[in-house]
Amino acid sequence: MKDLKVYDGAGWQSLKGPPGPSAPSADAGNTLTLGTDALLFTTAPPDSAAYVWCKHGDAPQARYNLAKTLTPNGQPLSATNRATLIVLPGVYAGSLAVDTSFVDVHGMGHQPSLPAVTLGGIKVTAADVRVSGISVGALPFDTSGSTREVIHNCVGGSGSFGSRTGATGEAHGTYINCKGGDNSFGYGTAIASVSGTFVSCVGGARCFGSNSLPGTILNSGLFTDCMAGQSSFKSIRGTCVGCTAGSNSFTTPPEVPPSMIDPVGDLGAVGVFRRCTGEANCFNGRVERVEDCLAGDFSCSVSVPQSVVTRCICGASSFTPRNGGAFSYCTGGEDSFKRPVAGTPPTPVYVSFCRLLKGTFPVDGLVVKRFCLDGDFNEVST
C-alpha cells in the first residue's frame, strides 16, 4: 500500500497510521474472530437473561428452545417481560416452530428490499408474539392469525400469513411491510376471516380476505398502502387507503342474502375506500364511501341508499346505482350513471358535477342530475 504524504511547510509528513490488528483480543467477552483470509469478523455476542443469539451454523430451533427457558429480570415471561431470539444474517437450513408466547424472533440486517435472514420454513402458533426480519423464500410463512401476533418485514411464498387451504383462513394481527405470494393474508378455500391491520404489504392474487369457492368472508381489516392481484380485498367491512389490486377486487358483502356473509344480518352500508386503484369490477356492493379512486369497467356500482362516491374515475358501465346513492365529481365511460330499471327499488339517486365521457345521460326521473356534462360536453341538470 502506497504511503500518502502532506507538506506542512517544513517537510513532507506521512499520513500512514500504525498497523491494524492482526489477531483478536483475548479480553473476556470479545466477539471478534480472525478469519482464514486474515480479516476480522464479528461473531454472536454472549446470550443474556433476555435474549439468545443464533449465528450461522446454529440450529434456529435449538436456539429458540433455549430462549423459551429465559426469565428476564428474574421474572416469568409475560407481555411486559419478553425474551427474544436474535438471528444473525445468513441462510439457515432448519425450520422454526414459534410456539411460545412472549418469545419473539428478530432477524438482523436487511438486503435492499428483503430480510437478510432466510430460514428453511416457519410455523407461528404462539398467541402473543412478534416476528421481524425473516424470509422463508417461496415457502409459506405460516402464521396462526392471532390478534396479538405482530409480523414485520417478513417474506413468504403462496399461502402465507394466516391463509389455509381446506380450512378457515384467519389474519387478525398486525402485518407491516410483509410480502406473500398468491392466496396470502387471510385466504381460505371457502371461509376467510380477516380483522387485522395491514400496512405496506404486498401479495399476489386472492389476498387480503379472499376465497376460491363459494363461502363466507368476514373482512373488517384496516389496509393501508397494500398491493395485490385480482380477486383481493373481498367483502370489505373495514377501510382500504392507498391500496392497489387487480380486477374483481375491493368488493363489499352482497346484499342478498346478508345472513350468508354476516351473522348479524343486514349490514347496511359497509366498506370505505380512499385513494385506491383497481381494474375492472371493483368498488361494488354495499359500499359506504369511495373517494379519489380509479378503476376499470363495471366499477363503483352501489347497492344501498347510504353509498357516497366522490372524485372517482372509472371505465364504461360504471357508477351504477342499484338502490340509490350519491355520486359527485366523478368521471365515467359509456353507459355510466345508469340505473338498471328492472328489479331496482324506486330509490332516488343524486348525481352532481359528474362527467360522462361518451354518450348521454339516460332519462330517468329517479336520477337527479346537477351540473353534469355528457359525452358532447352538454350541461345536464334535471
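The values are calculated or read from the model by the stated rules, or taken from the named source; none is laboratory data. This one's a predicted model, so the numbers in the text were calculated from it and none came from an experiment. Cβ: placed from backbone, ideal geometry, glycine included. Neighbour counts: every protein chain shown.
Key figures for this structure:
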item	result
Yes/no for residue 360 being out of contact with any helix residue (DSSP H, G or I) (no Cβ under 6 Å at 6 or more places or on another chain) and within 17 Å of residue 381 (Cα to Cα)	yes
Residue within the range 348-357 that is surrounded by fewer than 17 Cβ atoms within 10 Å (Cβ to Cβ), at pLDDT below 95, in contact with a Gly (Cβ under 9 Å, 6 or more places away or on another chain) and not polar (S, T, N, Q) present	yes
Failed condition for residue 246, given (1) in contact with a Lys or Arg (Cβ under 8 Å, 6 or more places away or on another chain); (2) modelled with pLDDT of 95 or more	(1)
Criterion (free of Cβ contacts under 8 Å to residues at least 60 places away in the same chain, of a type in the set (Val, Ile, Thr) and closer than 29 Å to residue 226 by Cα) met by exactly one of 320, 347	320
Criterion: farther than 22 Å from residue 237 by Cβ, assigned to a strand (DSSP E or B) and touching a strand residue (DSSP E or B) at 6+ places or on another chain (Cβ under 8 Å) - qualifying residue of 290, 309, 351	351
Of residues in the range 131-153 being assigned to a loop (DSSP other than H, G, I, E, B) and small (Gly, Ala, Ser), the one nearest to residue 181 (Cα to Cα)	138
Residue tally, condition surrounded by fewer than 24 Cβ atoms within 10 Å (Cβ to Cβ) and more than 22 Å from residue 246 (Cα to Cα), over the range 295-334	10
Condition broken by residue 324, with the remaining ones in (1) more than 35 Å from the chain's Cα centre (by Cα); (2) at pLDDT below 95 satisfied	(1)
Flag for residue 117 being within 21 Å of residue 150 (Cα to Cα) and in contact with a Lys or Arg (Cβ under 8 Å, 6 or more places away or on another chain)	no
Boolean, residue 358 is more than 23 Å from residue 279 (Cα to Cα) and of a type in the set (D, E, K, R)	no
Cross-chain or 6+ apart pairs with Cβ under 9 Å, the range 328-340 first and within 10 Å of residue 316 (Cβ to Cβ), then in a strand (DSSP E or B) and not aliphatic (A, V, I, L, M)	332/355
Residue match in the range 82-89 (condition: loosely packed, with under 14 Cβ neighbours inside 10 Å, free of Cβ contacts under 8 Å to residues at least 60 places away in the same chain and touching a Pro at 6+ places or on another chain (Cβ under 8 Å))	no
Test: residue in the range 165-178 that is in contact with a Gly (Cβ under 9 Å, 6 or more places away or on another chain), buried (at least 24 other Cβ atoms within 10 Å of the Cβ), of a type in the set (Ser, Thr, Tyr) and farther than 21 Å from residue 130 by Cα	no
Test result for residue 283, crowded, with 21+ Cβ neighbours inside 10 Å, under 34 Å from the mean Cα position of the chain (by Cα) and part of a strand (DSSP E or B)	no
Residue list for the range 363-376, restricted to those being in a loop (DSSP other than H, G, I, E, B) and at pLDDT 95 or above	371, 374, 375, 376
Condition check for residue 259: modelled with pLDDT under 95, over 22 Å from residue 327 (Cβ atoms) and crowded, with 24+ Cβ neighbours inside 10 Å	no
Strands (runs of 3 or more DSSP E) lying entirely in the range 191-255 (those with 2 or more residues that are under 16 Å from the mean Cα position of the chain (by Cα) and surrounded by fewer than 20 Cβ atoms within 10 Å (Cβ to Cβ))	197-199, 222-224, 239-241
Residue count for the range 323-369, restricted to those that are out of contact with any Lys or Arg (no Cβ under 8 Å at 6 or more places or on another chain), of a type in the set (D, E, K, R) and over 16 Å from residue 295 (Cα atoms)	3
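Listed here are the residues, each with its yes/no results for (1) β-branched (Val, Ile, Thr); (2) more than 19 Å from residue 249 (Cβ to Cβ); (3) at pLDDT below 95.
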position: 158; (1), (2), (3): no, no, no
position: 167; (1), (2), (3): no, yes, yes
position: 180; (1), (2), (3): no, no, no
position: 193; (1), (2), (3): no, no, yes
position: 198; (1), (2), (3): no, no, no
position: 208; (1), (2), (3): no, no, no
